[in-house]
Amino acid sequence: MIDPLYVASGFGVGLLVGMTGVGGGSLMTPLLILLFGIHPSTAVGTDLLYAAATKTGGSLVHGVSRSIHWPAVIRLACGSIPAAFLTLVVLWQLNLDASASRHLVNLVLCFALVLTAASLIFRKSIMERYHQRLARTGTATTTVATVLTGAVLGVLVSISSVGAGAVGVTALILLYPRLPMASIVGSDIAHAVPLTLVAGVGHWALGSVDWHLMGVLLLGSLPGIVIGSYGAVRMPQPVLRVALAVILLVVSGKIVTEELHLQPTVTAAAVKAPER
């Protein structure tokens, strides 16, 4: 059955993604965890394949418009795909139980949300401070920095599904200051497709993907992204980015609060000895 609340959530996230360009992971994953009570691992795995499906359409549009800088995409992928694969292998080898997996995902998710919020709030000041210095960087240095950036994104996205949006865009702006903004966004979306697909398939292999849930979310998000994209030009972007950053920080604080409430219970259960 199709739950209207899931469809509405997909539509709302798609609307915000269309208006702000921020990856759906930073919005959808916390929503699934906090509002619907989905286990963090399942929320991450489902959101990764959900993101791969939605961003494939976006990358096709940018490809037709020729607003993708393929050298940057390839360099990012050279770092992110191997990093994602190794991260998934490590998670498989660790074979974490449900409780440990929840704590790991929540910890990395909070870090990724704060990093995304910071990139939204301080993007302009970071650009003003480092733009001229990075514009003089040589090709070899830029290539190495792009591959390393991709590796960091690969680890973050594989564990939390967050990082390929605002963080990726900010990194590309700094590394490729001469590219127009349309190419920056197009390159970030094009890179996110193989990254989220590889990470999502890995989570599927680990058994943490809800296919029905993903289909219902796509049912709402696809029209939401279209409507949001048309409304983006009519909305003040700085206000939207700050508002979204505040939401991400509040959500991160909520996850931390829940973790602090759960931790004493788990610790007490682990150390309690049987009474004699």
Task: Residue among Val44, Val22 that alone is at pLDDT 85 or above, in contact with a helix residue (DSSP H, G or I) (Cβ under 8 Å, 6 or more places away or on another chain) and buried (at least 20 other Cβ atoms within 10 Å of the Cβ) - done: Val44
Open item on the list: Test of understanding: among Ala98, Ala135, which residue is under 27 Å from Ser41 (Cβ atoms) and at pLDDT below 85?
Closed with: Ala98
- [ ] Give me the pairs, please: first residue somewhere in the range 89-102 and assigned to a helix (DSSP H, G or I), second residue anywhere and surrounded by 12 or more Cβ atoms within 10 Å (Cβ to Cβ) and of a type in the set (A, V, I, L, M), beta-carbon distance under 7 Å, and either six or more positions apart or on two chains.
- [x] Leu91/Leu206; Trp92/Leu206; Ser99/Val266
Task: Long-range neighbours under 6 Å by Cβ, at least six apart or interchain, first residue under 20 Å from Ile225 (Cα atoms) within the range 41-54, second of a type in the set (Ser, Thr, Tyr) and at pLDDT 90 or above - done: Leu48/Thr196; Ala51/Thr196; Ala52/Thr196
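The values are calculated or read from the model by the stated rules, or taken from the named source; none is laboratory data. All values derive from a computational prediction rather than experimental measurement. Cβ: placed from backbone, ideal geometry, glycine included. Neighbour counts: every protein chain shown.
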